[in-house]
1. Within the range 160-197, can you find the residues that are in a loop (DSSP other than H, G, I, E, B), closer than 22 Å to Met112 by Cβ and within 16 Å of ligand 1 (Cβ to nearest atom)?
2. Any residue at all in the range 216-225 that is buried (at least 18 other Cβ atoms within 10 Å of the Cβ), among the acidic types (Asp, Glu) and away from ligand 2 (no atom under 16 Å from the Cβ)?
3. Report, by residue number, each residue of the range 41-62 that is outside any helix (DSSP H, G or I), within 21 Å of the chain's Cα centre (by Cα) and within 16 Å of Ser88 (Cα to Cα).
4. Output the residue which, of all residues in the range 286-319 that are surrounded by 11 or more Cβ atoms within 10 Å (Cβ to Cβ) and touching a Pro at 6+ places or on another chain (Cβ under 9 Å), is modelled with the lowest pLDDT.
5. Could you say whether any residue in the range 31-39 is of a type outside the set (A, V, I, L, M), within 15 Å of ligand 2 (Cβ to nearest atom) and out of contact with any helix residue (DSSP H, G or I) (no Cβ under 9 Å at 6 or more places or on another chain)?
6. Leu354 versus (1) in a loop (DSSP other than H, G, I, E, B); (2) at pLDDT 90 or above: which is the lone unmet condition?
7. Considering every residue within the range 32-49, establish whether at least one is away from ligand 1 (no atom under 14 Å from the Cβ) and either among the charged types (D, E, K, R) or surrounded by fewer than 17 Cβ atoms within 10 Å (Cβ to Cβ) (or both).
Amino acid sequence: MSLLKAGVGKEQVLTETRAVVGLNDVSLTVPGGAMYMIMGLSGSGKSTLARCINRLNEPTAGKILLDGRDIVPLKPAELLEIRRRRISMVFQHFALLPNKTVVENAEFGLKMRGVPLQQRRKRAEEILSIVGLGKWCKHYPHELSGGMRQRVGLARALATDADLLIMDEAFSALDPLIRSEMQDELLRLQRTLNKTIVFITHDFQEAVKLGTRIAIMKDGAVVREGTPQAIVADPGNDYVSAFTREVDRSRVFEASAVMQPCEAIGKSGEIQIVRQATGKIKRIGFALDSSGRVVGLLDEVAFSKLDAGSACEGLMSREFVKVRENTKLIDAVRMNGPQQPMAVVDADDRFVGLLQAEHILAFIASSPSTVASAHGVPNV
Ligand SMILES: Nc1ncnc2c1ncn2[C@@H]1O[C@H](COP(=O)(O)OP(=O)(O)OP(=O)(O)O)[C@@H](O)[C@H]1O
Ligand SMILES: [Mg+2]
């Protein structure tokens, strides 16, 4: 510790003391309900960090606060209680018990907690059907594919009702198709279960797809931490930009990152008219009702007729595509069959901006540095 504090590197600490620096000065806050990704190359310290959270690894120094309470000084009995009730872990290689059936595996955490057979069986069967294995309860792990075994592992962790789930490379052993299905499954489950998940992966694409925040590790230290959008927009260093380069930006960024502001230009009866504020080669805009909800699309022709004094009602097209501001760009493009300007709305269905296919394309093609500055993606 004193060598590290004096700034001596990991390699030299090893030569001088034969101690491996697993983690060095890592400080992170995982918000409740987050899907928090810890990403890094092999040996960067991801598992060490994950295993510190439930103290499978004892930290040499520092604190681990669970709901504000330091769990490092806890006695074995208290720690056991936390492991049983608060934190559950899903491992890369499933760690199923081969001589127990699927349902017995799924209820194992509950059994350890002393939950009576009937009660734990009911719970395990419920969770197994949620993960799509309802019909496999009486089978044995060797009768299942890798993806199915992984789902049993997931069910076992979910069945315990622990509010913190640590998933160490839980999907890494799966083939790409099943892996992608499991990712979708986890996102779906998370929407209803709302647990706090710490998910370890060496795959940046996976981190971007699943994560609400990502911490990127290198040599036992965190080199970048933030939302997927902020990290892709501004990697901050070469190590991180090597990962972000390959990312499909249309799957990372949302409509709000590309939409263009509109300005209110007047009223036609009860209808408020807004028009694209920038790039006015062609005038386009929307008609809004008194509470700011979009009622129609106005094109160049409509604007000329409006100028000539016609009423908005008869000019606007009611066939327009509306997307929420948190819609991923790729989904916005898919929804926009007619290739018209799209109306971007907030959670209350109120108009917030205008989105055009050509701007999405330009955004996806632009380099990270220009994106961050041009669109003000917050660097958080
Ligand atoms: N029990 C141990 N004793 C000594 N050193 C260890 C131990 N476990 C891990 N290490 C070292 O700690 C460092 C981080 O290992 P860790 O397993 O956390 O990496 P990782 O990021 O999870 O890698 P991977 O992607 O390969 O799983 C490595 O240098 C490793 O050699
Ligand atoms: Mg690991």
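The values are calculated or read from the model by the stated rules, or taken from the named source; none is laboratory data. The model shown is predicted, which means the values in this text are computed figures rather than measured ones. Cβ placement follows ideal geometry from the backbone for every residue including glycine, while neighbour counts extend to all protein chains displayed.
1. Ala170
2. yes
3. Passing the criteria: none in range.
4. Asp299
5. Checking the range 31-39: not a single residue is of a type outside the set (A, V, I, L, M), within 15 Å of ligand 2 (Cβ to nearest atom) and out of contact with any helix residue (DSSP H, G or I) (no Cβ under 9 Å at 6 or more places or on another chain).
6. Single failed check for Leu354: (1).
7. Yes, there is a match, as at least one residue in the range 32-49 is away from ligand 1 (no atom under 14 Å from the Cβ) and either among the charged types (D, E, K, R) or surrounded by fewer than 17 Cβ atoms within 10 Å (Cβ to Cβ) (or both).
Conditions tested, residue by residue: (1) buried (at least 19 other Cβ atoms within 10 Å of the Cβ); (2) within 16 Å of ligand 2 (Cβ to nearest atom); (3) farther than 30 Å from Glu246 by Cα; (4) charged (D, E, K, R).
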| site | (1), (2), (3), (4) |
| --- | --- |
| Gly114 | no, no, yes, no |
| Asp161 | no, no, yes, yes |
| Glu169 | yes, yes, no, yes |
| Leu186 | yes, no, no, no |
